[in-house]
Amino acid sequence: MNDSNRILSGMRSTNPRLHLGNYEGALRNWVDLQNKGFKMYCMVADLHALTTMYEESAEASRNAREVAKDFVAGGIDPSRSSVFVQSHVPEHSELHLLLSMITPLGWLERVPTYKEKQEDLGSAEREPYGLLGYPVLQSADILLYKPYGVPVGRDQAPHLEIGNDIAARFNRLYGREVFQPYKYLIPEDELRAKVPGLDMRKMSKSYDNCIYLSDTEDQTAAKIKQAFTTPTKIRLTDPGQPEGCAVCQYLRLYSPDWERQWEEDRQGLRGCSQNKKELTEILNEYLRPIRERRALLDDAAIEEILCRGAEEARGFASKTLAEVKSAMGMF
Ligand code: AMP
């Protein structure tokens, strides 16, 4: 029985800004859990970013500050939740090393995202060792906080499973119940668990199909204007297919009136430009408080939040690491 009141989750700092997919898939859940009284550990994963950005390591570190600003702008309250950068808490690296010794290689080679990334890189010469070990580092991130659960988008599910498998293997090998299984807190609504991008592929910075939380109102309007709609809907009266239209998908997420809008779209009673206009207004309204909070955060404020966050995180993580070493008989 896992009666922990802690939650750990993270986002990589491959980009300085979070998009709607990061928000709907994960951050929104973090805020809900925080408001329900869970102790949140909100991590910016700068070490994970290095798996693909090892040549731009300083940028990954600079980005980390901006991502942390988006956490706070999105509703994370640093007086209740710990916001920190992964590399500022060295226990993550140490537990990663120890867990890497007990993780069978086959478990890692089977991870679907590893196979995809491997194909992207094209040659084994360019493939860093860290890419294969990514889920082990992620497991260390999670297990250090002995969390009740980990709120993430659908794409992270295979990695989370490995963490629980490593934890069970650790407990078995060293004969102590140091770790308890944690839950995968993935949004029940499939659309939130995997938010489509402006081109209807998964929203992802690498596809350049994102609406960012910190986009201006005008940028958001311009992006929505260019968004993918029903290709066969040329005239207003042509029937639409909302299931395959990015604008209709976002209406479903953000508009209280989406069912009527979808029905009218289907019947050719409304045009794409009306959908786009209404979505722009609703989405800009939805993002307004996030943008306002972000505008108030300067660099000094975020450094202070991160400094305090790392101290709090270390306070818990160092105890877990000591327990791990003790179970292993290492002193
Ligand atoms: P990453 O940028 O890969 O570190 O992702 C940070 C978090 O955002 C993870 O919990 C992902 O599962 C989530 N996420 C990323 N893209 C999407 C998306 N398009 N829809 C839903 N969740 C997403």
Item to check | Part-to-part distance (alpha-carbon centres) for region 144-223 and region 1-29, which is given in Å | outcome: 7 Å
Checklist entry - About its Cα centre, how strong a charge dipole does the chain have in debye, to the nearest 20, once Lys and Arg get +1 and Asp and Glu get -1 at the Cβ? => result 460 debye
Item to check | Cleavage-rule hits, GluC sites (Glu not before Pro), region 153-207, DSSP coil, Cβ neighbours within 10 Å at most 14 | outcome: Glu177, Glu188
Item to check | Charge dipole (region 215-292, unit charges on Cβ, about Cα centre) - positive-most of Thr232, Leu251, Gln219 | outcome: Thr232
Item to check | Scattering curve values for region 234-331, log₁₀ I(q)/I(0), Debye with Cα scatterers, q = 0.11 Å⁻¹ | outcome: -0.60
Item to check | Choice from Asp199, Asp218, Asp70 with maximal GNM fluctuation in the chain (Cα, 10 Å cutoff) | outcome: Asp218
Checklist entry - Mind checking which of Phe38, Phe71, Phe316 has the largest fluctuation in a GNM of the chain, springs on alpha carbons under 10 Å? => result Phe316
Item to check | Gaussian network model of the chain, springs between alpha carbon atoms under 10 Å - residue of Arg235, Arg126, Arg201 with greatest fluctuation | outcome: Arg126
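Taking every pair of distinct Cα atoms and averaging 1/r, then inverting, what Kirkwood hydrodynamic radius in Å comes out for region 178-221?
So the Kirkwood estimate lands at 12.8 Å.
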Checklist outcome for this item: Of all trypsin sites (Lys or Arg not before Pro) in region 271-320, the ones in DSSP coil with at most 16 other Cβ atoms within 10 Å are none
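How big is the equivalent ellipsoid of the chain along its three axes, where each semi-axis is √(5λ) from the Cα gyration tensor, reported in whole Å from largest to smallest?
38, 22, 19
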Checklist entry - Mean residue ellipticity at 222 nm from the helices of the chain, using -39,500 (n - 2.57) per DSSP H segment of n ≥ 4 over the full residue count, to the nearest 500 deg cm²/dmol? => result -16500 deg cm²/dmol
Item to check | Local electrostatic count, Leu306, Cβ distance below 14 Å [Lys/Arg +1, Asp/Glu -1] | outcome: -4
Checklist outcome for this item: For region 23-34, in residue order, the Karplus 3J(HN,Hα) values (coefficients 6.51, -1.76, 1.60; θ = phi - 60°; whole Hz; Gly and Pro = x) are 6, 5, x, 9, 4, 4, 5, 4, 5, 4, 5, 4
Item to check | Gln241 long-range amide H proximity, modeled H, under 5 Å | outcome: Thr230
Item to check | Whole-Hz couplings from phi, Karplus 6.51/-1.76/1.60, listed for region 186-197; x for Gly and Pro | outcome: 9, x, 5, 6, 4, 5, 6, 5, 8, 6, x, x
Next on the checklist: Using the Karplus curve 6.51 cos²θ - 1.76 cosθ + 1.60 with θ = phi - 60°, what ³J(HN,Hα) values do you get for each residue of region 160-166, in whole Hz, with x for Gly and Pro?
Outcome noted: 5, 4, 4, x, 5, 5, 5
Checklist entry - What residues have an amide H closer than 5 Å to that of Gly10, excluding those fewer than 5 places away on the same chain, when H is modeled at 1.01 Å from N in the peptide plane? => result Met43
Next on the checklist: With both bridge residues required to lie in the chain, what share of the DSSP beta bridges run antiparallel, to the nearest 5%?
Outcome noted: 10 percent
Item to check | Sequence-distant residues sharing a close amide H with Val83 (under 5 Å, placed H) | outcome: Cys42, Gly309
Checklist entry - Out of region 1-85, which trypsin sites (Lys or Arg not before Pro) are coil in DSSP terms and have no more than 14 other C-beta atoms within 10 Å? => result Lys36, Arg80
Checklist outcome for this item: With a ≥ b ≥ c from the Cα gyration tensor eigenvalues, square-rooted, and the rule rounded for a/c under 1.5, otherwise prolate when a/b > b/c and oblate otherwise, region 171-314 is oblate
Checklist outcome for this item: Per its Cα gyration tensor (rounded if a/c is under 1.5, else prolate when a/b beats b/c, else oblate), region 15-173 is best filed as oblate
Checklist entry - How about the chain: what cysteines have no other cysteine beta carbon under 4.7 Å from their own? => result Cys42, Cys210, Cys272, Cys307
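Coordinate-derived values only; no laboratory data. Since the model is a prediction, treat every value here as computed from it, not as a measurement. Cβ coordinates were reconstructed from backbone atoms using ideal geometry, including for glycine residues, and neighbour counts include every protein chain displayed.
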